[in-house]
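Below: the structure, in structure tokens.
Only the coordinates and a few stated rules stand behind these numbers; no lab work does. Only a predicted model underlies this, so the values are computations on that prediction, with no experimental measurement involved. Cβ placement follows ideal geometry from the backbone for every residue including glycine, while neighbour counts extend to all protein chains displayed.
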Amino acid sequence: MQSTSKIKHVTNRNGVQLAKLAREYGVSRENFTTFLKDKKRTGKFFTEFFEELNADPWFEKIKVEAGKIGARVHLIPKLTVDYALPYNEAAEKGGSETEELDWMYGHILECAGKYQLPDDKQTDETIVLINFLKEGDNSYEKAVAFGLKQGLRLTTPHVPFAIGEIYPKLNYELEPVISVVETTGYISKEQWPCACYVLWDGSQRTPDIRVQSIFNSECDWFAFSK
């Protein structure tokens with residue numbers, strides 16, 4: 001009769017291997033945990049989980065390419081983005097409830113007409129964030145060039161706003177202080193190339209706009225859509 005300890009060891013080993021396989025194929029930690037907790041292993045989620053596992057491991061390929069240039073990537077496998085929301089409302093949802101946002105509405109509204117939004121007013125998108133690890137290595141232009149080379153699509157401000165709303169604790173998965181930056185950008189009335197972003201600092205989230213050249217910190221993560 002096989003010992004309980006040996007069975008447990010084999011189960012743990014197989015679980016680690018399955019978790020590794022899930023990561024390689026772009027299955028999020030949240031989805032993997034949900035899968036493990038579902039004792040029935042049936043229904044829509046079960047099907048979607050193995051659809052992800054059987055898909056082309058595109059995210060693993062992007063991770064490899066990012067490593068070649070000293071960068072890292074983070075996957076958000078499903079983000080619901082409501083493009084029908086006005087910019088100020090989307091920004092307010094992306095910020096923390098305790099953060100005073102009135103002072104920045106003028107900034108947000110300044111860029112409201114600068115972006116071409118998709119025809120589908122509400123979409124579920126797969127988001128890839130790229131970060132260059134070291135201070136000074138980050139660059140808006142460098143990130144955009146990398147994303148486009150990987151076949152990813154540029155994002156507009158609604159994406160970081162939606163990430164702030166749906167993933168308010170994203171910084172605890174990455175670093176305590178991060179900013180998520182959209183990658184389309186716009187030209188301000190002063191003729192500066194700018195971009196919208198959301199800053200996570202502990203429990204606070206603040207949406208704002210700044211000049212693209214300032215996005216050169218190791219805390220900047222640039223958002224793309226698959």
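Using a 10 Å cut-off around each Cβ, can you sort W192, W58, W221 from fewest to most neighbouring Cβ atoms?
Numbers: W192 13, W58 16, W221 28.
Lowest count first: W192, W58, W221.
Where Lys and Arg each count +1 and Asp and Glu each count -1, what net charge lies around S225 among other residues with Cβ under 14 Å from its Cβ? Intermediate results must be reported in sequence, preceding the final value.
Details: positive: K78, R153, K226; negative: D120, D124, E125, E182.
Counting the neighbours of S225, the net charge comes to -1.
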inquiry  = Longer than 30 Å from Cα to Cα, which of K68/K114; K61/K114; K68/K93; K114/K226 are they? Say none if no pair is.
reply    = K68/K114; K61/K114; K68/K93
message = How would D201, D119 line up from fewest to most surrounding beta-carbon atoms within 10 angstrom?
response = D119, D201
ask   = For the range 120-209, how big is the tail of P(r) above 16 Å, as a whole percent of Cα pairs?
value = 58 percent
inquiry  = Can you compute the modelled spin-label distance between L148 and T80, with each label point 7 Å from Cα toward Cβ, in nm?
reply    = 3.3 nm
